[in-house]
Amino acid sequence: MSSNLSFKASSELNSCAVPTAQTEMLIGLMSRMSIEEKIGQMSQFFGHGEHISEHLADSIRHGRVGSVLNEVKLHTVNELQRLAVEESRLGIPLLIGRDVIHGFNTIFPIPLGQAASWCAETVKQCAHISALEAATSGVNWTFAPMIDISRDPRWGRIAESLGEDPYLCSVLGVAMLEGFQGDELHKNGSIAACAKHFAGYGAGESGRDYSTTNIPENELRNVYLPPFKAVADAGVATFMSAFSDLNGVPATGNKWLMTEILREEWQYSGFVVSDWESIVQLTTHGFSKDNKDAAYEAVDAGIDMEMVSTTYLDHLPDLLAEGRIDIQQINTAVKKILQLKWQLGLFDSPYTDASLLPEPLNAEHLQIAKDAAIKSCVLLKNEQNILPLAAEKLNSVAVIGPLADDPYEQLGTWIFDGDSQHSQTCLTAIEKLLSGKASLNHVKAMETSRSHDQADFKHAVATAATADVAIMILGEESILSGEAHCRAEIGLPGCQEQLIDAIAKTGTPIVLVIMAGRPLTIEAILPKVDAVLFAWHPGTMGGPAIADLLFGNACPSGKLPVTFPRKVGQVPIYYGQKHSGKPATEASYVHMDDIPVHSPQTSLGMAATHLDTHFSPLFPFGFGLSYTQFSYQNIELSHKTLRAGETLRVRVLLTNTGETDGEEITQLYIRDLVGSVTRPVKELKDFKRVKLAAGKSEWVTFELSTHKLAFYDRNMQIKTEAGQFHLWLGGCSQTGLHGEFEIADD
Ligand code: BGC
């Protein structure tokens with residue numbers, strides 16, 4: 001049977017147009033592969049650390065393995081490649097996969113933090129360095145970028161995301177992919193990227209990981225899919241299917257998603273890997289009756305490679321023999337997997353020579369990590385301009401909190417290969433900065449961010465009481481976000497709020513730095529502190545970045561890539577919500593404490609909001625303060641009316657009216673007033689990071705093609721509809737200069 005099928009495979013490949021060296025080689029190779037070897041290419045095993053198990057070695061020798069994940073010791077990886085290349089019958093090299101999410105040895109801010117930089121160049125640089133460092137271990141494939149739209153801060157994986165907005169996520173997702181893959185995959189230091197998790201994974205019910213998602217097709221296409229389409233168009237090497245159930249069909253068995261949308265509609269030519277055992281989980285979902293059925297559903301949907309579980313190895317031969325699947329389905333998958341190996345240059349050079357790559361954690365990598373952390377911090381409050389602190393005017397500084405000097409926790413989630421011994425903490429950085437100037441006293445006050453023990457509060461209070469300023473470094477430990485680490489309450493954990501209360505009573509001004517993997521509900525804390533700098537999990541160089549910001553060696557410029565709710569009950573709350581038929585307004589809003597007793601039901605409120613909290617978020621998407629001020633003047637639009645296909649030019653005069661040099665992120669939002677399906681109240685369509693010296697002005701110009709105004713209509717056709725549009729240019733989703741234009745009917 002094998003030889004017949006092999007013949008079919010080669011004739012199918014032969015039907016390709018002009019044979020290139022690559023197709024010729026693949027045709028030759030595939031014609032020699034047995035069914036088992038083909039299925040082997042579709043199987044990914046996991047490594048066990050330095051020691052290669054006999055089972056793995058043997059499986060590689062027998063051609064049962066296409067890829068190995070989580071093996072990162074260079075000599076082990078090279079040995080795995082040797083087994084594949086020298087001891088298997090056909091000598092096909094391996095894809096070596098690893099979750100390189102926000103750094104390898106040098107850890108950059110978590111992706112949500114990187115997104116707060118609104119800087120594609122920064123995101124690209126971080127990914128490029130991550131790839132260079134990962135490549136020194138023989139890794140040639142990362143499972144990133146994660147471009148799941150994330151509108152629920154309870155979800156632990158929001159930390160790994162690029163935030164709530166389809167446009168921002170698309171731009172930064174493409175930048176990350178370009179950083180990983182470089183301009184040529186076969187170049188030293190380029191690694192294949194993986195767009196995950198296709199699709200809708202971020203919309204799990206109540207922010208629980210792995211849970212069900214119900215996303216109407218129109219919303220899926222307008223909100224959740226655009227980042228995936230963007231990276232597919234930009235050439236991402238692979239996709240990963242989501243664990244979650246999408247509208248009743250788990251993504252891993254979802255043929256509509258994997259084949260109709262991804263392959264047929266988008267013409268995507270890379271391959272799709274399942275998530276970790278997500279094929280077996282098709283039975284747990286209650287979608288397949290057993291593992292054989294699950295293998296059938298997955299392969300039929302278009303999952304080319306199985307991660308960790310072995311349903312393909314175990315059942316595809318029988319499914320083929322029974323005629324339930326076709327050899328062409330196998331050939332198509334194998335061809336794409338081999339193609340990637342070819343593109344990576346693995347057939348020519350399967351082994352890694354780390355001496356050809358830069359040393360990990362070198363000074364340049366650390367500098368870029370520091371710059372990225374500086375750009376990603378968001379200044380949320382700065383009462384009376386307490387920041388930046390003037391070191392020379394201070395006598396004594398108190399540094400308080402469990403995260404001030406914790407080299408591990410500042411790294412955040414997914415840092416398999418990051419070592420906290422390289423981290424530079426806030427305490428050490430502030431100490432360095434203050435040395436010879438003010439005295440510094442540090443009290444941890446709590447064992448961890450989750451502690452409830454207040455025994456050390458007294459010491460912290462006494463230290464703060466005699467200081468000129470208390471810098472409190474609080475937040476979430478890294479284990480509180482990331483995969484499967486979701487929270488129902490998203491306030492500061494443990495007794496951190498009580499710690500703030502205690503320090504606030506001393507009357508010493510408080511500068512609060514928060515490190516966290518998600519937005520936190522900090523409304524109640526705000527009045528008690530003078531400044532808040534939100535630092536996410538800032539990575540290896542978090543300490544020096546934060547110290548530079550606090551003491552004015554750098555100016556904050558990050559903007560929120562996700563809305564901060566006042567209360568968890570507002571979730572999901574995001575800037576691009578629909579208007580509804582009864583939008584909340586200041587006039588209609590009433591708080592429950594202000595409702596007279598026995599009021600008739602319809603006399604108050606009657607708008608889309610809650611009675612126990614204001615309808616606005618605590619901090620909107622796009623928000624972030626600076627040490628300087630920016631003014632927007634003279635908005636100009638090139639057209640009042642234009643036709644579909646034309647481009648609107650918009651510009652605004654941006655002035656740095658303060659006394660500090662700074663960077664502003666100018667954001668362009670639109671609202672399509674009437675649509676055949678209702679449109680969001682605002683949509684981000686472009687942004688620019690602009691560097692401006694104090695007192696200087698610059699015209700910030702955008703070209704808005706009407707294609708960018710297109711959306712999927714009721715019939716799932718993408719169209720730019722004629723009609724009236726509003727437009728805003730400003731420094732946040734809730735402010736900005738306003739303009740109007742119209743797209744005329746043809
Ligand atoms: C995660 C993926 C990850 C994979 C491999 C899964 O649990 O959902 O995002 O790439 O593990 O580590």
Expressed in angstrom, Rg and Dmax over the Cα atoms of the range 614-725 are 16.7, 53
For LYS528, the net charge from surrounding residues (Cβ-Cβ under 13 Å; K, R +1; D, E -1) works out to -3
Taking protein heavy atoms only, a 1.4 Å probe, and rounding to whole percent, the accessible area of the range 196-301 owed to carbon and sulfur comes out at 45
In terms of the alpha carbon gyration tensor, root eigenvalues a ≥ b ≥ c, rounded if a/c is under 1.5 and otherwise prolate when a/b exceeds b/c or oblate, the range 382-462 is oblate
So the carbon and sulfur contribution to the accessible area of the range 626-746, 1.4 Å probe, in percent, is 45
Taking only the alpha-carbon positions of the chain as identical scatterers, the Debye log10 I(q)/I(0) at q = 0.11 Å⁻¹ comes out as -1.21
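Rounded if a/c is under 1.5, else prolate if a/b is larger than b/c, else oblate: which is the range 244-327, with a ≥ b ≥ c the root eigenvalues of its Cα gyration tensor?
On the way: a/c = 1.61, a/b = 1.20, b/c = 1.34.
Taking the square roots of the gyration eigenvalues as a ≥ b ≥ c, the range 244-327 is oblate.
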With +1 at each Lys and Arg Cβ and -1 at each Asp and Glu Cβ, the charge dipole magnitude of the chain around its Cα centre, to the nearest 20 debye, comes out at 1060
Ranked output for segments 322-334, 158-170 by mean other Cβ atoms within 10 Å, highest leading, reads 158-170, 322-334
The base-10 log of I(q)/I(0) that the Debye equation returns for the range 102-256 at q = 0.10, 0.14, 0.20 Å⁻¹, one scatterer per C-alpha, is -0.32, -0.63, -1.20
Per residue, the convex hull enclosing the Cα atoms of the range 167-257 spans a volume in Å³ of 102
Where a ≥ b ≥ c are root eigenvalues of the Cα gyration tensor, a/c under 1.5 meaning rounded, otherwise prolate if a/b exceeds b/c and oblate otherwise, the range 554-688 counts as oblate
So the carbon and sulfur contribution to the accessible area of the range 82-178, 1.4 Å probe, in percent, is 47
Ranked output for segments 716-728, 555-567, 501-513 by mean other Cβ atoms within 10 Å, highest leading, reads 555-567, 501-513, 716-728
Of the candidates GLY552, SER638, SER137, the farthest towards the positive dipole end of the chain (Lys/Arg Cβ +1, Asp/Glu Cβ -1, centred on the Cα centre) is SER638
Here the convex hull volume per residue of the range 45-169, taken over Cα atoms and given in Å³, is 119
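Over the chain, give the accessible area per residue in Å² for a 1.4 Å probe, as an integer.
For the chain, the solvent-accessible area averages 37 Å² per residue.
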With a Förster distance of 45 angstrom and the Cβ-Cβ distance between ASP314 and GLU121, calculated FRET efficiency to the nearest 0.05 equals 0.45
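The values are calculated or read from the model by the stated rules, or taken from the named source; none is laboratory data. Remember, predicted model here, so these are calculated numbers, not experimental data. For neighbour counting, all protein chains shown are included, and Cβ atoms are generated from backbone atoms with ideal geometry for every residue, glycine included. The accessibility values were calculated without ligands, DNA or RNA, using every heavy atom of the protein model including side chains. Shrake-Rupley method; radii C 1.70, N 1.55, O 1.52, S 1.80 Å.
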